[in-house]
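Comments concern the structure below.
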Amino acid sequence: MHDPIAELLAAHFPAESRKTLPSMESVAMDMAGLRRLVMWGARLALLVVMQQFREAEVEMEAFGELVNPDLFYQYHTHNYPDKTGSMVPFSMRLLHAQLPGLTGNHQLSLDRLCQLQHTCQQVLSEVRRGYLPFVTEPLTPEDQQVAETLWLERLTRVKFCLANTLVAMQDYLFAVEVYEGLLEELPRLRSQLLSVMGRLHLTLGDLPSAQTLFSLAEDRDENEEGEEERMVRTHINQGLVNVFLCHWQLAKDSFESALQLEPTNTTLKNNIAVCTFYQGYLKECIRELEGVVRWSPPSSLQPALLTNLTATYDLESSSAHSKKLSFLPLLGQHVGEGFPLSSLGLR
Amino acid sequence: MEGSVPQQHLLGLKVMRLTKPMLSYAVPVLGEPWDMLGTTLEENLSQDIRSPRDLPACSTGETLRLPMSFGLIFLGETFNGFISVHNDSQDVAKDVAVKVELLTPSHRPQLDPSACEERIISHEVKELGEHSLICTASYMVFATGEEMLLRKFFKFGVAKPLDVKTKFMNIEEDILLEVQIQNATPTHMFLDTVTFDPSAGFRAQDLNTIRTNNSEVSVFGKDNLLPPRNIRQHLYKLTPLGPLQTSGVVSNVQVGKMDIVWRSRFGERGRIQTGQLKATLPPLPQLKVTVVESPGTVSLERPFRITLRVHNGSGGPMRLRSVLEKHPGAGILWTGVTGKVYACPVHNELPAGGSMDMVVSLLPVLPGLQSFSPLLFVDVLSNQKKYHFNKLGQVFVEIQPPETLSSA
């Protein structure tokens, strides 16, 4: 990509103060070396963050199913004489599993995630016996503790990805089941998990189940979080129930109660503005959303806010296009390359 | 949604369908602390309000999104639309009046004549097919005094949300109704209520609950969700309140209608009522014979007795002669005198509407599940009219253990 700022900097700053950053040209497409693999993992993650899913998928294809022999330490004994096992970072494996779903092939994502889940469970049971895969010496008790925590954490992350893929496939009931399975493993996140399950039931149209889950989420149990966080979540859940029932003013009241506890919460401000719109006050909604967006960039420059704002601009006047363009200077000043410009709705 | 706008209008008119908002979604990409990117990814994700703040690995957020497209609308749902009339020109428009009409496939009801600039309209969709929303804004250009009329058309189609099929089965005087409901939409449906409203001549019993000790539980369990294209069957027993059946077949009897209320995506409510469901009633049998007493299991080659109840459903009296038939290979044989005229209550006649019981002897000759042999009744009074009864009932014939046979 042509970067005029980089050229200017290069022209005006002395060579010694320049850092050499790896660019795409400097990383060879060969498989030798852990460092390069770690960099590939980072590159692919960044491509996904910038929503360049197709490019990431194409580059990931070169690595196949991540089981090629040259991805293992044993293949590179001249570099790593003592190490055994796969060189692929776990995050990269998770990304490899998530990618097909991001370009529409949800079934392949599910297959890969299930396989990854199975692998994690196998490693976990090995660790619990006191061993690591590919290593003959048993683990010390301290190491075993660390390994068990690590692999439990990884297993949890795989399950979250599974639930996300199921939601993308609109198989909400199955996603709720996956979250239910996580309740036991993550007691500290019990209230948060129950809230997500309730929200998915609202998406399905099932109000009684949602309300049951929300009231369970209000129980204090093993939650280590503060009272305030719990109250905010309770208000948000109540607000969403009111949105379900079209009780727009009650929904606004719920979100506003939460806002008093967290005055800088942008989500709450957005939701209040959305309720205002459904009450019929288009101009008021636009004023509220604009206020939030311009209030404190860059943190307030949210794609979610801009998407809602541009939808209201389209409705409000024929000069929506120029209003959308007026955000470009602000965006240019504050946001990075990953910002989805599609949220401006420019055609 | 836009139609074509002639350039000389001062005003613009837009309509947006108010489907329910959706929850935001994010694509969580997370790393481990020792990865090259360290905690950068987590920090980046925590800034985005599309991701839930308290569960970063989860893709379902808590931020509401306005609807991006018209979506689908189904019969029974409510069309909510936001109408915006705006003046983007430099001139003043006076006396702005907005009229909204909905042209359905059958007729043209008027919705809301008003002079407001922004308006939400609401209309419960009651017809299938293509609908047209006609918005007319009439105004006067202040500068010239010219009267202008801006009209825009917005078309949308209404599809069928449910496929309803019915099956009737007649059990004596009652009718069993099975209603099959299929979700024809692409999203889940939460069935709020499914009720059957019987028509005036019937009483309906809902057979979709299981009665436990203290309460009634639905046959479908706690789950009231109907996934897309799935089918659910509901069962009702209908009892006629008065004598409906005659000697002939009665068809197209209106038994009642179904009333179904559901909720779908984030609370979109829908309700439909079917038309009157029609059943065909069979004619009342003139002579009815039922087994009122019979053992379930009998022993091979040991005679046993059953009690039959004979009911005269015809309009006049009958004098019945029974003919005990035997077919070759039958497993159970009648024993007794055939061709006998049965002793009836009144003058050897069975009056209209009357019943009598008769005890008959039988002998099982084959083991296993056996049916009774056919029975023929001849009505002496009505010109030897014959009534044949083939499937009176069954009984299980056991083979006796060998020890008990050696007593002889």
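The values are calculated or read from the model by the stated rules, or taken from the named source; none is laboratory data. Note that the coordinates shown come from a computational prediction; the quantities given were computed from them, not determined experimentally. Because the Cβ atoms are built from the backbone with ideal geometry, glycine has one as well, and the counts that use them run over all protein chains shown. Accessible surface is based on the protein model in full, side chains and every heavy atom, while ligands, DNA and RNA are left aside. Shrake-Rupley method; radii C 1.70, N 1.55, O 1.52, S 1.80 Å.
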Selected residue [in a helix (DSSP H, G or I), out of contact with any His (no Cβ under 8 Å at 6 or more places or on another chain), open to solvent by 60 Å² or more (accessible area, probe 1.4 Å) and modelled with pLDDT under 95] from A:Glu228, A:Glu224: A:Glu228
Identify the residue in region B:207-222 that is part of a loop (DSSP other than H, G, I, E, B) and under 24 Å from B:Leu162 (Cβ atoms) and, among all such residues, is least open to solvent (accessible area, probe 1.4 Å). B:Asn208
So for region B:336-343 (the condition being surrounded by 18 or more Cβ atoms within 10 Å (Cβ to Cβ), within 20 Å of B:Val291 (Cα to Cα) and at pLDDT below 85), does at least one residue qualify? no
Which condition number does A:Leu194 fail, the rest of (1) open to solvent by 30 Å² or more (accessible area, probe 1.4 Å); (2) in a helix (DSSP H, G or I) being met? (1)
Can B:Val29 be described as in contact (Cβ under 8 Å) with a residue 40 or more places away in the chain, of a type in the set (Val, Ile, Thr) and either closer than 20 Å to A:Leu99 by Cα or open to solvent by 10 Å² or more (accessible area, probe 1.4 Å) (or both)? no
Verdict on A:Thr276 being without any contact (Cβ under 8 Å) to a residue 60 or more places away in the chain and over 19 Å from B:Asn80 (Cβ atoms): no
Given (1) more than 14 Å from every other protein chain (Cβ to nearest Cβ); (2) at pLDDT 85 or above, number of the condition B:Val261 does not satisfy: (1)
Can you tell me how many residues in region A:254-281 are over 27 Å from the mean Cα position of the chain (by Cα), within 9 Å of chain B (Cβ to nearest Cβ) and open to solvent by less than 10 Å² (accessible area, probe 1.4 Å)? 1
Return a yes/no flag: does region A:282-299 have any residue that is part of a helix (DSSP H, G or I) and within 7 Å of chain B (Cβ to nearest Cβ). yes
Per the filter on region A:300-347, residues closer than 30 Å to B:His9 by Cα, facing chain B (nearest Cβ under 7 Å) and aliphatic (A, V, I, L, M) are A:Ala311, A:Leu315
Here is a list: A:Leu216, A:Leu194, A:Leu200, A:Leu189. Which entry is among the hydrophobic types (A, V, I, L, M, F, W, C), at the interface with chain B (Cβ under 8 Å from one of its Cβ atoms) and closer than 21 Å to B:Phe266 by Cα? A:Leu200
Please go through region B:52-78 and pick out each residue that is at pLDDT below 90 and either more than 9 Å from chain A (Cβ to nearest Cβ) or open to solvent by 40 Å² or more (accessible area, probe 1.4 Å) (or both). B:Arg53, B:Pro56, B:Met68, B:Ser69, B:Phe70, B:Gly71
Open to solvent by less than 30 Å² (accessible area, probe 1.4 Å) and touching a Leu at 6+ places or on another chain (Cβ under 7 Å): does that describe A:Tyr313? no
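Conditions tested, residue by residue: (1) surrounded by 14 or more Cβ atoms within 10 Å (Cβ to Cβ); (2) among the hydroxyl-bearing types (Ser, Thr, Tyr); (3) away from chain A (no Cβ under 14 Å).
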position	(1), (2), (3)
B:Asn224	yes, no, no
B:Gly270	yes, no, no
B:Leu287	yes, no, yes
B:Val292	no, no, yes
Only residues in region B:177-189 that are under 13 Å from A:Thr203 (Cα atoms) and within 11 Å of chain A (Cβ to nearest Cβ) count as the first member; pair them with residues that are part of a strand (DSSP E or B) and among the basic types (Lys, Arg), Cβ under 8 angstrom, at least 6 apart or cross-chain, and list the lot. B:Met189/B:Arg263
Residue pairs within 8 Å by beta carbon, gap of at least six or interchain, first lying in region B:62-89 and under 18 Å from A:Ala251 (Cβ atoms), second aliphatic (A, V, I, L, M) and open to solvent by 40 Å² or more (accessible area, probe 1.4 Å), listed first then second, are B:Leu64/B:Met22; B:Arg65/B:Met22; B:Pro67/B:Met22; B:Asn80/B:Ile120; B:Phe82/B:Ile120
Within region A:240-251, restricting to residues that are open to solvent by 30 Å² or more (accessible area, probe 1.4 Å) and assigned to a helix (DSSP H, G or I), the one that is nearest to the other protein chains (Cβ to nearest Cβ) is A:Trp248
Of residues in region B:34-51 being among the hydroxyl-bearing types (Ser, Thr, Tyr) and part of a loop (DSSP other than H, G, I, E, B), the one surrounded by the most Cβ atoms within 10 Å (Cβ to Cβ): B:Ser51
